[in-house]
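One structure is given below, encoded as structure tokens.
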Amino acid sequence: MTDTAGTPGSQSALRQANERRIVDALRKEGTRTQAELARATGLSAASVSNIVRGLRAAGTVSVRDTASNGRRARAVTLLRPPGAVVAVDFMPTRIQVAVGDSDGNMLAREAIAYDVAADAERGVRRAAWLTETTLQRARIDVGTVSSVVASVPAPIDPGTGEVGRISCVPRWAGHRPAKALTERLGLPVVAENDANLAALAEWHQGAGGGAQHVITLVIGEGVGAGIIMSGRLFRGAGGTAGEVGHIALDPRGQVCRCGNRGCLETFTGAHYLLDMLPQNADVARRPGPVGVPDVVAAALDGDLGSRRIVSEAGTALGQGTAIIANLFNPDRVVVGGDLAEAGELLLDPMRRAMELGALGSALGQLELVPSALGGDASLYGGLLMAAQRVG
């Protein structure tokens, strides 16, 4: 098979096509000698040898000496699918991009500060630029990328790919970020809820390891949950499973952005927690914007007002988690997000509230643990999901 176009671009495309032919042959037929691969693909022995050399250098195949019909030969075994994967993490105040190998192991990452909630189209354009920049800096050809997963802090309709109406990025409602990124990058992209991806990552390589039924809480601007049941991600009929921030705790409480009163989010969301700070509190007088990490730091330093805010948030979270425990009976609940950095200052009141609100049988085997991956959980989950799609 020869390249008639003769241009660098067509040569690169031809090599990628020939690599796919060899990889497909190894997938279908298992370990084969280089001579057998040449016969199966119709490529010359020299082309097969050259391509196998590149695949071996990339860790895609292993090669060992063997014998065939009494003659020395080289046996080739597929170790993993070739190529790279990308995760794009849209966060309220920044965008992160990570590049991984086909097993989902992170190879490179970049991040920029950005007001993601302001405009969906501009956010997607910025993410596309950051993806291309990250690939260039890592010296990875965009043509080798097999799959891209975008993490969005909102429910995603699994049928249409549209962002739900109620989220911490309300201007994204009805937008299809996967479709927009696909058009800009020329790569296959899927969009997924950030808490779902965090749950996937914690279950595979974080605090959820070894459990079969895991709920991962992500506490930020709102409260979301990723649900792993019997080892599978549960999204619900319309992609809104896990929107636990809208569990009603107080019918006379504050009005939530969803239109109801006293939702869990109104007790634990970043905006509501910061509104509780006394004007004369030390943390409120710090220069620059004050965020939940500042409140957590002050609480850990012994500030009584900040400790009270964290404790009351923990009690509300425990009440909501008790309802979740009665419904799903998980064996582990992982708590992530900025507020989770408070450790036992948050988890202890959570446990006490859960003991009051949940069935004893629902708590008998339940472990409440902090996240092992922190703010990177959704990014790692994006790489894992992208790698699973390749597999």
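Laboratory data are not the source of any read-out in this text; all were calculated from the coordinates shown. It should be emphasised that the depicted structure is a prediction, and the values quoted were computed from it without experimental measurement. Cβ coordinates were reconstructed from backbone atoms using ideal geometry, including for glycine residues, and neighbour counts include every protein chain displayed.
Between VAL255 and ASP141, what is the FRET efficiency for a Förster distance of 35 Å, r being their Cβ-Cβ separation, to the nearest 0.05? Taking R0 as 35 Å, the efficiency between VAL255 and ASP141 is 0.10.
Computing FRET efficiency as 1/(1 + (r/R0)^6) for TRP129 and VAL290, where r is the C-beta to C-beta distance and R0 is 45 Å, gives about 0.90.
Among residues other than ALA387 with Cβ under 12 Å from its Cβ, the summed charge is 0 (Lys and Arg +1, Asp and Glu -1). Tell me which of LEU373, VAL148, ILE112 sits at the most positive position along the dipole axis of the chain, charges placed on C-beta atoms (Lys, Arg +1; Asp, Glu -1). Comparing the listed Cα positions along the dipole, VAL148 ranks first. Across region 265-277, coupling constants 3J(HN,Hα) worked out from phi with the 6.51/-1.76/1.60 Karplus curve, θ = phi - 60°, read 4, 6, 9, 10, x, 4, 4, 6, 5, 5, 5, 7, 5 Hz, and Gly and Pro carry x.
Label zone (ALA45, point 7 Å along Cα-to-C-beta; backbone nitrogen cut-off 13 Å) within region 59-80: 68, 71-74. For ARG261, the residues whose amide H sits under 5 Å from its own are CYS256, ignoring neighbours fewer than 5 places away on the same chain, with H placed 1.01 Å from N. Using the average count of surrounding beta-carbon atoms within 10 Å as a protection proxy, the listed peptides 354-361, 264-271 rank, highest first, as 264-271, 354-361. For the chain, the membrane-span-like helix rule (DSSP H, alpha carbon extent of at least 15 Å along the helix axis, mean Kyte-Doolittle at least 0.0) picks out 45-57, 304-328, 377-390; this says nothing about an actual membrane.
Multiplying the residue separation of LEU14 and HIS204 by 0.36 nm and removing their Cα-Cα distance gives an extension gain of 64.8 nm.
Across the options GLY222, PRO188, LEU200, the greatest Cα extent toward the positive end of the charge dipole of region 147-231 (unit charges at beta carbon of Lys, Arg, Asp, Glu) belongs to PRO188. Region 238-314 and region 156-170 have their alpha-carbon centroids 24 Å apart. In a simple Cβ point-charge model (Lys, Arg +1; Asp, Glu -1; nothing else charged), the chain has a dipole of about 1720 debye relative to its Cα centre.
Charged side chains reduced to their Cβ positions (Lys and Arg at +1, Asp and Glu at -1) give region 220-265 a dipole of some 120 debye around its Cα centre.
Using the alpha carbons alone, the radius of gyration of region 90-164 stands to its Kirkwood radius in an Rg to Rh ratio of 0.98. Here r is the Cβ-Cβ distance between ASP275 and GLU367 and R0 is 35 Å; the resulting FRET efficiency, rounded to 0.05, is 0.60. The stretch between ASP331 and GLU312 holds 4.4 nm of extra length on full extension. This uses 0.36 nm per residue minus the Cα-Cα distance. Plainly put, region 1-135 has a radius of gyration that is 1.15 times its Kirkwood radius, both from alpha-carbon atoms, as the Rg/Rh ratio. If you count the DSSP beta bridges with both ends in the chain, what percent of them are antiparallel, to the nearest 5? Here the antiparallel bridges make up roughly 65 percent for the chain.
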